[in-house]
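Peer 1: The structure under discussion is supplied below as structure tokens; questions concerning it will follow.
The values are calculated or read from the model by the stated rules, or taken from the named source; none is laboratory data. Predicted model only: the values in this text are computed from it and were never measured. As a convention, Cβ positions derive from the backbone with ideal geometry for all residues, glycine included, and neighbour counts pool all protein chains shown.
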Amino acid sequence: MLGGKNLNFKKFIRRMNRGVVLGIVFLLFMTGFVIIDESNFKNEEGNIEEMITNYLQDVGDLNVAASSTIIPGDKANAAQAAAARALLVQLIDDYYTTSEVQNAYGQTSSDEISAYNTYLENVVMPIVKKQDVVLNPYSFEITKNGVGCAIVRVDCSYDIEYQGNYYQTIYTPGSRTFYDNYSDYGMVYVKGSAAYNEAVEQDTTISYDTNLAGTYSVDGTFYIKRVDGQWKIYAVSLYSYPDNINEVQANAFNTTNTEWKLSCDYIIPNNRKFIEGGLEI
């Protein structure tokens with residue numbers, strides 16, 4: 001009996017040792033996998049930055065091409081809108097994926113197409129002559145978001161030149177709400193619209209011929225995924241704004257005091273209120 005008990009105990013020890021060994025092997029495997037995965041991800045950061053940079057530049061090129069046939073002060077007609085949509089669809093095909101990314105927030109490819117349609121319908125497009133992306137040493141913050149996925153926070157700007165006025169909107173991906181609500185603020189002046197006619201009645205100069213140049217800031221977040229060896233965008237949420245835009249020639253807003261005018265943070269022309277530092281003056 002004693003010999004049988006010893007034999008059973010030895011079998012138990014062997015099984016326990018086998019389980020411990022297998023557990024250690026699995027732990028070492030997982031540790032190695034994580035280390036290799038992290039190393040591979042670090043090696044991909046350059047490719048991620050390159051993809052996002054190319055995308056932002058192609059957005060700028062899209063704005064140049066889409067506005068090149070627009071008459072200043074007019075919204076895009078049917079043919080011009082169709083040509084602009086075709087450019088956006090090509091951009092979507094080149095950079096986006098429909099393969100979902102966890103914890104993603106922002107506009108997907110279908111959302112972006114809908115948002116661009118809203119932009120074309122509601123916004124008087126400025127005539128963009130140049131829109132070149134400008135990076136800084138802190139433009140990208142890249143974090144891993146699961147296997148084969150990443151979150152990219154972007155802080156950069158555009159060196160931009162356009163013909164129009166200060167309160168026209170430059171198209172930026174991920175800004176649907178702004179496009180939907182833009183006309184509600186009385187800042188879209190379509191020739192013949194109620195806002196336009198009201199401004200004319202108030203003897204407000206509405207110029208679409210001003211040459212403007214400066215910096216357009218961009219910040220926001222990309223949610224991306226590696227698909228078939230390439231990094232693709234699943235969703236994006238960006239915010240852009242004119243950071244330092246100046247007239248190349250002073251011929252807008254019917255004033256000769258150009259230096260004072262350019263010191264204003266916001267100009268709301270339909271009621272002739274100039275706001276500087278948040279205070280009406």
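Peer 1: With respect to I92, is the statement that it is out of contact with any Gly (no Cβ under 9 Å at 6 or more places or on another chain) and without any contact (Cβ under 8 Å) to a residue 24 or more places away in the chain true?
Peer 2: Taking the combined requirement at face value, the residue satisfies it.
Peer 1: Then there's this: What's the number of the only condition in (1) part of a strand (DSSP E or B); (2) surrounded by fewer than 20 Cβ atoms within 10 Å (Cβ to Cβ); (3) of a type in the set (A, V, I, L, M, F, W, C) that V128 fails to meet?
Peer 2: Every listed condition holds for V128 apart from (2).
Peer 1: Only one residue in D37, D93, D74 is among the acidic types (D, E), surrounded by fewer than 19 Cβ atoms within 10 Å (Cβ to Cβ), modelled with pLDDT of 95 or more and more than 20 Å from Y216 (Cα to Cα), so which one is that?
Peer 2: The conditions single out D93.
Peer 1: Another question about this same structure. If a residue has to be at pLDDT below 90 and of a type in the set (S, T, Y) to count, how many in segment 115-137 make the cut?
Peer 2: 2
Peer 1: Pick from segment 47-71 the residues that are farther than 27 Å from V124 by Cα and crowded, with 18+ Cβ neighbours inside 10 Å: which of them is farthest from the chain's Cα centre (by Cα)?
Peer 2: Only one residue tops the list, namely I48.
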